[in-house]
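S.K.: There's a structure below that I have some questions on.
Where a number appears in this text, it was derived from the coordinates with a stated rule and is not lab data. What you see is a predicted model, and the numbers here were worked out from it, not measured in a lab. Note that each Cβ is placed from the backbone with ideal geometry, even for glycine, and that neighbours are counted across all protein chains shown.
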Amino acid sequence: METVRLKKKPKFLIVGVLLVLGCAVGCADGDALLRDFENLPSAGWERDSAVQFDATVTDTAQPYVLLVSVRHTQAYPFRNLYLGRQIIGADGIEYQDTVEIQLADDRGTWLGEGVGGIKTLTVPFRGQAVAFQKAGPYRFRFQHVMRENPLPGVRSVGLAIEPANASRR
């Protein structure tokens, strides 16, 4: 009778598979209320063209961190972006302001992350968590208020809404 030997699988293959599975489970956005990007036309972002995101809040006891992301190319001609922001609930506008987002430092070096010609900068919507007073649907509107129109180089705008107590990944 002949004995058949089974080859042992390399340990690094097993560890690699476990690592990938662990990341897939651990990196999921299961706690986020919303995590989305809205792409803009390649010809430029028109001032009267607002980017909108809709989310439904069910837990009013839970404070949320809102994170705004701006994805742009090196063709963007400014160091900053003035952005009009609104939170609209069932009863109308609940919050409205204009914010300046610094996309580059004083030397012109782009802030944010990315390789090549595209950078993504993520900043808090406000300095503190947002507590929604009423459960229900909310709309988040963003539009640029820069002098140049259409505004070149902005590829997309994103919004993430996640529980304030969620660990940052």
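S.K.: Simple spin-label model, 7 Å along Cα-to-Cβ: residue 147 to residue 73 in nm?
M.R.: The two pseudo-label positions are separated by 2.4 nm.
S.K.: Give me the net charge of residue 47's neighbourhood, meaning all other residues with Cβ under 12 Å from the Cβ of residue 47; Lys, Arg count +1, Asp, Glu -1.
M.R.: Here the charged neighbours net out to -2.
S.K.: Bin by bin, in steps of 10 Å, what percent of the Cα pairs in region 31-163 do you find, going until the bin that has the longest distance?
M.R.: Each 10 Å bin holds this share of Cα pairs: 12, 44, 32, 12, 1.
S.K.: Also, quick follow-up: Quickly rank 102-114, 151-163, 43-55 as a protection proxy: mean count of other C-beta atoms within 10 Å, highest first.
M.R.: 151-163, 43-55, 102-114
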